[in-house]
Amino acid sequence: MDKLIIRGGTPLRGDVTVNAAKNATLPIIAASLLAEGPTVLADTPKLQDVTTVCSVIEGLGAEVTHGPNGDLTIEADRIRSHEAPFQPARQIRASFLVMGPLLARLGRAKMALPGGCAIGTRPIDLHIRGFAALGAQVALVHGYVEARAPRLVGNRVYLDYPSVGATENVMMAAALADGTTIIENAAEEPEVADLAHFINAMGGKITGIGTRVLVIQGVKRLKGVSYRVVSDRIEAGTLMVAAAITGGDVTVRKVKPAYLKAVVAKLREAGVQIEEGRDRIRVSCNGRPRPVNIKTLPYPGFPTDMQPQIMAFLSCAQGTSVVIETVFENRFMHVPELNRMGAQISTQGSVAVIRGVEKLWGTSVRVTDLRAGASLILAALAAEGTSELYGVKHIDRGYVNIESRLAEMGADIRREAE
Ligand code: EPZ
């Protein structure tokens, strides 16, 4: 395991370019199983989660080749098994996104029930109810999900909660079903929209993209295509907060400002200067932020994946902020570690009260999950003195070479073996 050594206090300056979105790349890799012929994904982010999902589809018989500059070529004509390999499938929840494509292609699917993770139990009931609505028989047998559907038939699917994964899984199953499926209360996240655009590029017929009602007209076949995945709004938001928390001046490039409206609004409310261009956002900040109240919500609300990061920023605000986490039931794992750095945050259920302090102090902290790790990097960049972050593998799941990209903007950060 690696650790990061960060000496805080340097304002970040310069430009940084955002990678392709992890949370669009993962479902799109799964969706490539729907296609006849090769799919080529350009510039995929070099992340552990991408490698893991690739090993899941390889275990099903797909051929995956990694090109020179992050290009991924996926050939899924000869998927021979309907059963996902246990080990990689259990590693990350996103592996469950192969269920929809397998049902659509083979009429059968079997994989280990995805475990919960640090941030919550993360059930899959909405996925299963969606598959059943399309005519699949789904059973939970000894910790495995087994689904059979000789024929998938389009239907109306209402999601009790606009679940990103359930919307994606049902959309992929519906793409090759007989007839039309209407998903109501669908997730509107940009990554869900990107998956729909990818399926349409393969010959799918999805309308209502980016809205709460998706209409998927089943087609007979889908063909592999070349595709460039949308940029990562959460990585962009994390880099924006890095600029703000260090009192720097950074331009984040290859970003769609429209996908970050809630984050931009809250940073501006906290007193951060933000200039938006067509595909870039410039962030500058001097002095401590003003306190703001935040409630995480499904898109277009404030993203839960940015909650730990903004909490690090508000730890140094000139006053008290309140953060309510409505999406996951246990996403305050970063709070005890931030408090060890001198923050004054108290939590009660899904509510965190953050009393701003003058400054944070570098110390040793443990990373428990991906975005908690991002939060601790941000806090360490602003803290007085040196911090050691243990458990960097969690951060590597979602951020490419985070230390070299921050160092390019002036951060005093290096990676060492733990
Ligand atoms: C996706 O997870 C993202 N992951 C998460 O990003 C993100 O936090 C989340 O969406 C919300 O935006 C990927 O896209 C790979 P959900 P997903 O289904 O699809 C409940 C990161 O840091 N729910 O929208 O698993 C669930 O318990 C990760 O990059 C059910 O109750 O999220 C949660 O409370 C973390 N039943 C809420 O919905 C279900 O069947 C949101 O989950 C499914 C979900």
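Bear in mind that the values in this text are calculations on the coordinates, not laboratory data. Note that this is a predicted model, so its numbers are computed, not measured. All Cβ positions, even for glycine, are placed from backbone atoms using ideal geometry, and neighbour counts span all protein chains on display.
Some observations on this one:
- Stokes-Einstein D (µm²/s) once Rh is taken as the Kirkwood radius of region 25-223 over alpha-carbon pairs, at 37 °C in 0.692 mPa s: 201
- Entries in K22/K261; K3/K110; K295/K359; K3/K46 that, when Cα-Cα distance is taken, lie over 29 Å: K3/K110
- Which of T304, T39 has the fewest Cβ neighbours within 10 Å, and the rest in rising order: T304, T39
- Between region 29-68 and region 140-155, the C-alpha centres lie 23 angstrom from each other.
- Kirkwood-based shape ratio for region 155-256, expressed as Rg/Rh from alpha carbons: 1.11
- Treating each Cα of region 325-418 as one equal point scatterer and applying the Debye formula with no solvent, the log10 of I(q)/I(0) at q = 0.16, 0.19, 0.24 Å⁻¹ comes out as -0.67, -0.93, -1.31.
- Inter-part distance where region 167-199 and region 266-312 are each reduced to a Cα centre, Å: 29
- q = 0.16, 0.21 Å⁻¹, region 265-366: log10 I(q)/I(0) [Debye, one scatterer per Cα]: -0.70, -1.12
- Whole-percent pair-distance distribution, where bins are 10 Å wide, for the alpha carbons of the chain: 5, 23, 31, 24, 13, 4, 0
- Between the residues V215, I74, A132, the greatest Cα displacement towards the positive end of the dipole of region 25-223, with unit charges on the Cβ of Lys, Arg, Asp and Glu, is found for A132.
- Dipole of the chain, positive end: most advanced residue of M306, M1, L260 [Cβ charges, Cα centre]: L260
- This model, with +1 at the C-beta of Lys and Arg and -1 at the C-beta of Asp and Glu, gives the chain a dipole about its Cα centre of some 480 debye.
- Per-residue ellipticity at 222 nm, computed for the chain from helices alone with -39500 (n - 2.57) per DSSP H run of at least four residues, works out to -9000 deg cm²/dmol.
- Per DSSP, loop GluC sites (Glu not before Pro) in region 290-365 with at most 15 further Cβ within 10 Å: E329, E358
- Square roots of five times the Cα gyration tensor eigenvalues for region 58-154, Å: 23, 19, 12
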